[in-house]
Structures are given as C-alpha cells and as structure tokens.
Amino acid sequence: MLATLERDPLNPNDMMSLRHWTDPAGHPDLAAVDNETVVDCGWGRLIFGQTFSEPRTLVETIRKEQPGRRDIALYLRDPQVVLALAPQDLFIDPSYTYRLALRAPVECPEPAAWRVRLAQPRDAEAVRRIYTMRKMVAPPRSFFTTLGQQPEVDLLVAEDLETRAILGVVTGVDHVRAFNDPDGGASLWALAVDPQASHPGIGECLSRTLAEMFRQRGRTFLDLSVLHDNAQAIALYEKLGFVRVPVYCVKNKNPINEPLFLGPDPASDLNVYAGILVREARRRGISVDVLDAEYGYFRLSLGGRSISCRESLSELTSAVAMSRCDDKRLTLRVLAAAGLSVPAQIEAQDPQTVADFLQQHGRVVVKPVRGEQGQGVKVDLTELDEVQAAIEAARHFCEQVIVEQMVGGSDLRIVVINHQVVAAASRRPATVVGDGSSTLRTLIEKQSRRRQMATAGESRIPMDDETQRCLKGQGYMLDSVPAAGTTVLVRKTANLHTGGTIHDMTPVLHPVLREAAERASRVLEIPVVGFDFIVQSPDRPEYVIIEANERPGLANHEPQPTAERFIDMLFPQTRAELRDTSLATTA
C-alpha cells in the first residue's frame with residue numbers, strides 16, 4: 001500500500017493527514033509505481049514498505065537480510081501488523097523520522113579548505129574507515145565498484161583540498177528513480193564525519209549539498225531517520241529546517257542492532273574504555289557486574305571463572321609488571337637492558353646536571369616519574385629557564401621528575417595483547433584550521449567541543465599555559481585571527497586527552513617495530529600494554545620507546561579488534577573460532 005498526503009505534499013506538518021491508496025488503478029498517479037522496491041545502499045538494504053501490498057511479503061523480504069548488514073524497512077503502513085507476523089525476528093527501531101521540504105534553494109557556503117563531490121571507487125577504504133570509526137556498518141569494497149550502476153543512490157564525500165583525505169560521507173536515495181514515487185521524495189542516510197577532522201561544518205555542508213542536489217532534480221522533500229537519543233544529530237537537522245513526521249522503521253534483531261532492542265545496557269554508565277570491553281563480553285554471553293562505574297571497575301564471569309578489571313587493566317597484570325610501567329625511570333632501564341632502543345634520561349635533582357644534559361642534547365622533554373594522560377608533560381624545551389619551570393610544574397603531579405632526550409619523529413602508539421601486536425596508531429597533536437574571521441581562542445574552543453563529542457568526553461584541548469606557549473612559538477596569541485585555510489599547531493604533545501587525534505597505522509607497521517613491541521611486552525612481563533614509540537614513519541624500522549602504559553585505552557584503536565583480543569585472552573574458550581567449532585560439533 002502506498003501513502004501520500006491529502007493536501008500539500010510539501011508541508012511536513014501535513015503528514016498527520018495520511019490516507020492510503022488501495023489500488024494503483026484507482027489512482028492514475030500510481031500507475032507507474034514499481035512494486036516491492038528494495039535499494040542496496042552498501043551498508044544494507046532500504047526497503048520501501050509502502051510499495052508492498054502484502055505484509056507477509058514485506059516480512060519475508062526484511063528477514064532476508066545478509067549477515068553483517070543493517071537493513072531498514074521504512075514507510076510501513078501498519079508496522080504493528082508486520083511486527084505481529086515475526087515478533088521474534090523484528091523490532092520497531094527507536095528512531096525519529098525527520099523531513100525537510102525542498103521548496104527554496106538550500107544554501108551552503110563553499111568551504112575554503114575542502115569540497116563536496118560524488119564518491120569514486122578509489123574512496124572505498126577511506127569511507128569504510130570513517131564508518132568503522134563511527135561504529136556504523138561499512139559497505140563492502142565491491143559496492144564502490146558499482147556506484148555508477150545505481151542511479152537511485154548518490155554517495156557524496158567531503159575531501160580535504162590539500163591532503164585529499166576524505167573527511168565525511170553521506171548517502172542519498174532518490175525515491176523517484178527507485179520506484180517512481182508519486183510524492184517526489186528522497187532520503188538521507190548514513191551521514192558520518194571523520195572524528196579526527198579539524199574542519200568545522202562538514203556534516204552540515206554534506207547535508208545541505210545533498211538537499212540542494214535533490215531540489216534541483218525536482219524532488220519535493222528529503223527524509224532521514226535518526227536515533228531518538230542522538231541529540232547532536234537532531235540539533236543539526238532541526239537547525240537545517242527538518243521537522244519530525246510520524247514515519248517508523250522496522251529492523252531485524254541481529255547482533256548489530258542488539259543495543260536497540262536488548263534493553264538497558266550495563267555499560268551505559270561506564271566510560272568508553274570500560275564500555276567497549278563490557279559490551280564485547282556481554283555479546284559472548286559472559287556475565288557482567290559493574291563494580292564502580294566512575295572508575296571503570298567491572299567483573300566478568302563465565303563457567304566458574306571470574307576476573308576483575310579496571311578498563312584494560314585486569315588481574316592478569318601482576319603488581320610487579322604494573323610497577324615497571326608506572327615508574328618511567330624503571331620502564332626505560334628494563335627495556336634498555338634488553339637491548340631495545342630508548343632515549344637518554346636523567347632525574348631532575350641537581351640543577352647543574354640538568355643544565356649539562358640540556359647542553360648535550362639541545363632539546364628535552366620534562367615529565368613526572370609517575371602519571372598518565374600527558375599530565376605535567378612538556379616537550380621540545382630548549383632554554384634552561386623553560387626546563388626549570390617545567391620541572392617545578394611537573395612536581396605538582398609527582399615529586400620525582402625526569403628530564404629526557406627529545407627525539408625527533410612522530411608519535412606511534414602500539415598496543416600489545418597477550419604478547420602480540422593488535423593495533424598501531426599514529427598520534428598527532430591538536431591542530432585548528434583558520435577561517436579568516438575567527439580568533440584562535442574560538443577555533444580551539446570549537447575543535448575542543450568536537451573532540452569531546454567524538455570521544456565521549458575523553459579528549460579536549462586545555463586552554464592553558466602549554467597551549468599559549470605552543471601558539472607563541474608560531475607567532476600567535478589566543479586572540480590572533482589566522483588566514484583561511486591556515487593550519488595552526490595547538491599542542492606539541494599528541495596525547496588524546498589533550499586534544500590529539502589517532503590514526504590507524506596497523507596495516508603498514510614495519511616488522512621491526514612489531515617485533516620490538518612484542519619483545520618489550522615479554523621483557524616487562526605484562527599481558528596488556530600500550531607502548532609509545534617515536535618513529536620516522538610507521539613503515540620504517542627506526543624507533544625509540546619512550547613509555548609503556550599498563551592501562552591503554554583500547555577504544556581508541558577501532559577498527560582493530562582490541563576488545564575482541566582482550567576478551568579472547570581472559571576467556572579463551574569464547575574465541576570466535578572455538579565457538580564456531582563447538583557449534584559445528586553440536587550440529
């Protein structure tokens with residue numbers, strides 16, 4: 001059955017006056033409408049419920065979802081009837097449908113540093129990476145090779161003009177091209193922006209560009225579906241003029257959709273680092289008890305075995321191993337004794353020794369002996385008064401302070417679980433891009449908010465003395481206005497918690513770096529560890545190891561399977577290959 005508007009099809013608020021067509025022959029407008037329309041969007045199928053005359057046929061179509069996909073059935077005349085036919089398999093998605101009337105031109109100022117264009121097959125890996133980072137279903141690589149063969153699907157990407165990096169992506173579906181929609185509609189799907197992007201307004205511009213493209217085709221409205229609790233996205237769409245309409249989605253009860261139909265999530269009060277592990281354990285049928293949500297403590301139990309964890313720190317890490325990583329002096333001493341490359345280091349006790357060390361190395365790093373999240377760390381110091389001031393500041397975090405040789409290169413975090421490298425990521429300091437009118441203070445505040453939203457509050461840029469020192473070294477003040485397109489370094493440290501960004505480098509990691517990280521984990525006798533390397537490039541063998549983190553943030557390294565390998569280590573009987581073998585044997 002097909003639904004239309006009795007009065008003005010351009011008025012979103014008129015959706016409350018739905019009436020249903022029962023027979024195309026009785027309505028000449030519908031004579032050419034295609035029946036039982038399904039559109040492949042890569043991440044899944046978009047099933048147009050109004051083109052199905054029989055609910056049972058619609059149910060059968062929805063249930064034919066392929067593994068690893070997320071199908072969406074929209075515009076159902078009677079979703080409650082469809083659900084009643086397959087209550088064990090289907091559920092109503094807890095989302096809102098929003099509609100934008102395409103009456104007037106949709107303006108989008110042309111950005112200076114990036115552009116919106118149609119996606120090409122060469123964009124496949126970049127687009128897939130963004131979707132994976134956003135925990136969305138990524139289209140298979142084969143989907144991108146057929147982009148030009150589906151006129152009803154438009155995939156737009158935002159591309160950085162300087163680096164050619166893909167910054168965001170959105171899918172548009174043309175209902176007229178899909179099934180000769182008499183209402184002249186279109187829809188927006190799977191809007192995603194790279195969480196590491198430093199340019200503002202990418203999602204808004206992608207949405208505006210898609211809307212204007214459909215308006216120029218003569219489409220009358222643009223619909224979208226958004227989860228009811230996605231406040232950030234809802235605020236964006238309402239800003240653009242979208243309004244809610246009474247249209248509902250039905251989806252399959254599959255592993256991807258579990259958070260939408262299983263009820264309260266035991267990890268909802270945990271931070272992202274503990275939450276990713278608890279959800280993976282729950283997915284495998286492992287019992288979860290949250291012991292202290294604020295500090296990330298939880299207990300996992302299965303078959304008489306219980307293990308308590310604080311995020312990625314578990315009972316399998318001994319107190320001795322933890323102490324080797326906690327004391328940065330001891331860490332480097334143990335690694336150096338094993339023949340691994342580490343920087344020169346002294347304790348900041350005698351001022352003359354510090355002065356001699358600075359003269360010998362020229363550039364140094366000051367850090368507390370104990371600490372995490374980059375607290376009290378200052379890098380690339382070249383003047384003795386700066387070094388002495390940094391030492392005093394570091395003592396606020398730990399009485400003992402070290403001065404370390406500054407090694408040139410890029411920051412690389414390598415995560416080792418059960419003495420095997422699972423992930424490697426380049427860590428880059430926070431930057432902002434000038435727009436020609438905003439002060440650095442404003443740009444930093446906006447970028448900090450984006451980083452907080454992209455990392456569930458874990459990453460932000462402090463507006464402190466270190467930020468001002470970094471800006472001053474480039475000739476800027478907080479009230480300076482950089483030219484449009486100018487990239488300004490905000491911090492010299494690449495720590496995530498001070499606004500740094502993380503970029504997956506696992507596929508290109510050099511074998512020498514991999515072997516060094518795995519050997520270092522064995523030397524420290526620690527089962528889960530994140531090493532901070534300074535490298536010339538992730539695909540080159542030169543390195544020094546500067547720190548070992550006994551509680552690395554595994555959530556920072558998706559799409560690599562850090563949570564999966566962590567639970568594999570704790571409960572090896574739940575590994576995927578063993579579960580598959582067990583099921584096959586039982587069958």
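About the Cα centre of the stretch 81-177, how large is the charge dipole given +1 on each Lys and Arg Cβ and -1 on each Asp and Glu Cβ? Please answer in debye to the nearest 20.
Details: 12 positive and 12 negative charges, 28 e Å.
It works out to roughly 140 debye.
Would you mind telling me the share, in percent, of accessible area of the stretch 269-404 contributed by carbon and sulfur at probe 1.4 angstrom?
Working: 2990 of 6530 Å².
Of all accessible area on the stretch 269-404, carbon and sulfur atoms account for 46 percent.
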request  = For the stretch 202-335, build the charge dipole from Cβ charges (+1 Lys, Arg; -1 Asp, Glu) around the Cα centre, then report which of C309, A233, L330 sits farthest towards its positive end.
outcome  = A233
message = What do you get for the angle between helix 328-337 and the principal long axis of the chain? Use alpha-carbon atoms, 0 to 90 degrees, nearest ten.
response = 80
ask   = Roughly how many Å is it from the Cα centre of the stretch 348-382 to that of the stretch 142-191, as a whole number?
value = 52
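So, by mean Cβ neighbours within 10 angstrom, what's the order for 437-443, 63-69 with the highest one leading? The partial results should precede the final answer.
On the way: 437-443: 16.7, 63-69: 13.4.
Ranked from most to least packed, the peptides come out as 437-443, 63-69.
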key: Spacing of the two label points (7 Å from each Cα toward its C-beta) at R117 and K64, in nm   = 3.7
Point-charge dipole on Cβ atoms (K/R +1, D/E -1) for the chain, about Cα centre, debye to 20 = 500
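When the accessible area of the stretch 445-516 is computed with all protein chains present and a 1.4 Å probe, what percentage of it is carbon and sulfur? Please list the in-between numbers first.
Numbers: 1750 of 3360 Å².
After summing per-atom areas, the C and S share lands at 52 percent.
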note = Projecting the Cα atoms of C41, C398, F531 onto the charge dipole of the chain, where Lys and Arg contribute +1 and Asp and Glu -1 at Cβ, the residue farthest towards the positive end is C41
request  = Please identify which residues in the stretch 219-256 have an amide N closer than 16 Å to a label point set 7 Å out from the Cα of T442, following the Cα→Cβ vector.
outcome  = none
task = Straight distance only, please: which lysines reach the Cα of K64 with their own Cα at less than 30 Å, same-chain residues fewer than 8 apart left out?
result = K135, K251, K253
message = Among G371, L155, I444, which residue has its Cα furthest toward the positive end of the charge dipole of the chain, with +1 on Lys/Arg Cβ and -1 on Asp/Glu Cβ?
response = L155
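If you roll a 1.4 Å probe over the stretch 51-155 with all protein chains in place, what percent of the accessible area is carbon or sulfur? Show your work: numbers first, answer last.
Details: 2780 of 5520 Å².
That fraction is 50 percent.
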ask   = What accessible area per residue comes out for the chain, rounded to a whole number of Å², with a 1.4 Å probe?
value = 45
Hits among aspartates and glutamates - C-alpha to C-alpha of K328 under 16 Å, sequence gap 8 or more where chains match = E347, E372, E399, E404, E525, D532, E547, E550
request  = Between beta-carbons, use under 9 Å as the cut-off and find the net charge around N257, counting Lys and Arg +1, Asp and Glu -1.
outcome  = +1
inquiry  = Over the Cα atoms of the stretch 465-553, each weighted equally, I'd like the Debye log10 I(q)/I(0) at q = 0.11, 0.13 Å⁻¹, rounded to two decimals.
reply    = -0.46, -0.61
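If you rank F261, F214 by how much accessible surface each has, with a 1.4 Å probe, what is the order from largest down? Intermediate results must be reported in sequence, preceding the final value.
On the way: F261 60, F214 0 Å².
Output order, biggest surface exposure first: F261, F214.
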remark   = GluC sites (Glu not before Pro) in the stretch 135-168 lying in a DSSP loop, each with at most 11 other Cβ atoms within 10 Å of its Cβ, come to E162
ask   = So how exposed is M133, as accessible area in Å² (1.4 Å probe, rounded to 10)?
value = 40
note = From most to least accessible, 1.4 Å probe, no ligand or DNA/RNA atoms counted, S459, S53 line up as S53, S459
note = Simple spin-label estimate for A389/L161, 7 Å along Cα→Cβ, in nm, reads 3.8
message = Using alpha carbons only, how many angstrom separate the centre of the stretch 257-318 from the centre of the stretch 479-524?
response = 28
request  = Using only Cα atoms, find the angle between the long axis of helix 440-454 and the longest principal axis of the chain, and express it within 0 to 90 degrees, rounded to the nearest 10.
outcome  = 70
query = Each label point is 7 Å from the Cα along the Cα-to-Cβ direction; what then is the distance between the points at S323 and K253, in nm?
reply = 5.2
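Using only the Cα atoms of the stretch 416-462, construct the convex hull and provide its projected area averaged over every direction, in square nanometres to one decimal. Walk me through the intermediate numbers first.
Values: hull surface 18.1 nm².
The number I arrive at for the stretch 416-462 is 4.5 nm².
The values are calculated or read from the model by the stated rules, or taken from the named source; none is laboratory data. The structure displayed is predicted, hence computed values, not measured ones. Glycine also receives a Cβ, built like all others from the backbone with ideal geometry; neighbour counts cover every protein chain displayed. Ligands, DNA and RNA are excluded from the accessible area calculation, which covers all protein heavy atoms including side chains. Shrake-Rupley method; radii C 1.70, N 1.55, O 1.52, S 1.80 Å.
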